């Protein structure tokens with residue numbers, strides 16, 4: 001315990017107790033934050049299991065680089081929409097999911113939800129709507 005001693009400050013042994021208590025409180029707070037973030041991430045992954053997803057390119061990068069901003073990337077998006085006509089999930093890195101909805105009925109279901117099942121702000125969730133026909137269907141549906 002000589003490493004934790006604060007005798008080099010010249011305060012004596014009485015001052016060591018508040019410092020150790022502060023260290024304990026800080027470590028407990030950090031552990032609680034890490035556990036809360038881990039549970040939030042687990043909850044999001046569990047909720048997204050109902051969506052199909054294309055094979056990941058890498059365990060860490062997820063689906064990053066799957067769609068490039070070129071004509072070839074648009075072909076990949078078209079192929080993904082053809083393979084997953086209702087919708088699919090891609091992972092932008094190890095912790096950032098993006099949900100792509102491709103069918104007007106799926107988009108209508110999400111947009112008409114009451115909002116009671118929102119994702120907490122600890123880990124973000126991105127919702128992306130594909131296909132111009134979806135937007136046209138939504139505009140007709142909203143009238």
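With the condition kept exactly as written, say whether any residue in region 62-76 is within 15 Å of the chain's Cα centre (by Cα) and either at pLDDT 85 or above or within 26 Å of residue 109 (Cβ to Cβ) (or both). Show your work before the answer.
Taking region 62-76 and keeping what is within 15 Å of the chain's Cα centre (by Cα), we get 62-64.
Applying the additional criterion that residues be either at pLDDT 85 or above or within 26 Å of residue 109 (Cβ to Cβ) (or both) yields 62-63.
Within region 62-76 (the criterion being within 15 Å of the chain's Cα centre (by Cα) and either at pLDDT 85 or above or within 26 Å of residue 109 (Cβ to Cβ) (or both)), the answer is yes, since at least one residue qualifies.
Residue 63 falls short of the stated requirement of being surrounded by 15 or more Cβ atoms within 10 Å (Cβ to Cβ), touching a residue at least 12 places away in the same chain (Cβ under 8 Å) and more than 27 Å from residue 40 (Cβ to Cβ).
The values are calculated or read from the model by the stated rules, or taken from the named source; none is laboratory data. Note that the structure is predicted; figures quoted are calculated from it, not measured. FYI the Cβ positions are ideal-geometry reconstructions off the backbone, even for glycines, and counts take in every protein chain you see.
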